[in-house]
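Remarks on the structure that follows.
The values are calculated or read from the model by the stated rules, or taken from the named source; none is laboratory data. In this text the structure is predicted, and so the values were computed from the model without any measurement. Note: ideal-geometry Cβ built from the backbone for every residue, glycine included; neighbour counts use all protein chains shown.
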Amino acid sequence: MKRKKHIWIGIIALIVGYVSLYVINSECGGYWGCPVGGRIEATAGVRYNSVFLWQPRLGYADGHESTFFGVLFYPLIKIDQDCFHTSLDLFETNSAFLMFSGSNHVKWNPRSLEEARLELEEKSAWREKCLTNADYCIRSVAVPHSREDIHVIAVNLFRLYGTNAVAILESNMCLAKTSIASQHIAHVVEELVGNVLTNHIIIK
């Protein structure tokens, strides 16, 4: 009987410690800056990523991806997201007000902010190198980029090579090792021909 009592005390202490650790972990966390899922469909079966989930300081879990601590604390993260720190959706008026009001009442996750800062620094370094190194800029064409960065590459190549930029890109397309790389190059060619060159001709 005494042994059974000690076991129950140990189990209760373990549960209390587990929950207490999570509470501290959660209070040091915040909303993750990269949205997941959403209810609004862009096309059939494809939804806009518009939902921001609360994540603890240590650990991440969104139903699709999880870290080690995300798995460890998953039951409590789920309860936290459903009951205490409910999700924010860009397409919901109240959530959008919280995120974009001048006072900004949203507490963002420190790790998410740090990742965003590092990503911004990497992108700034990439753009600077792309502007000063023509060969590097051309090599960058074969990897995926945001629409904004595709425009940056197209403008820079036009600045460096003028109308010859199209021929240079098309020759690189033939040398691309994969069909995916060819598609990335085609996106830049499309931007170069459809926007950069067209705008240049109109301005002239």
Restricted to the stretch 5-41, and to residues that are within 18 Å of the chain's Cα centre (by Cα) and modelled with pLDDT under 95, which residue is nearest to S112 (Cα to Cα)?
G33
Based on what the data block shows, is L72 buried (at least 16 other Cβ atoms within 10 Å of the Cβ) and under 18 Å from the mean Cα position of the chain (by Cα)?
no
Qualifying helices (runs of 4 or more DSSP H) (wholly inside the stretch 86-204; at least 1 residues being among the aliphatic types (A, V, I, L, M) and either over 27 Å from the mean Cα position of the chain (by Cα) or at pLDDT 85 or above (or both)):
110-132, 134-140, 147-161, 164-175, 179-191, 198-203
Tell me which residues, restricted to the stretch 59-69, are surrounded by 14 or more Cβ atoms within 10 Å (Cβ to Cβ) and over 18 Å from the mean Cα position of the chain (by Cα).
F69
Scan the stretch 80-105 for residues that are surrounded by 14 or more Cβ atoms within 10 Å (Cβ to Cβ) and either within 18 Å of V23 (Cα to Cα) or not assigned by TED's automatic domain parsing to the domain that holds V19 (or both) and jot them down.
D80, Q81, H85, S87
Could you please find all residues in the stretch 59-69 being more than 11 Å from N25 (Cα to Cα) and part of a helix (DSSP H, G or I)?
F68
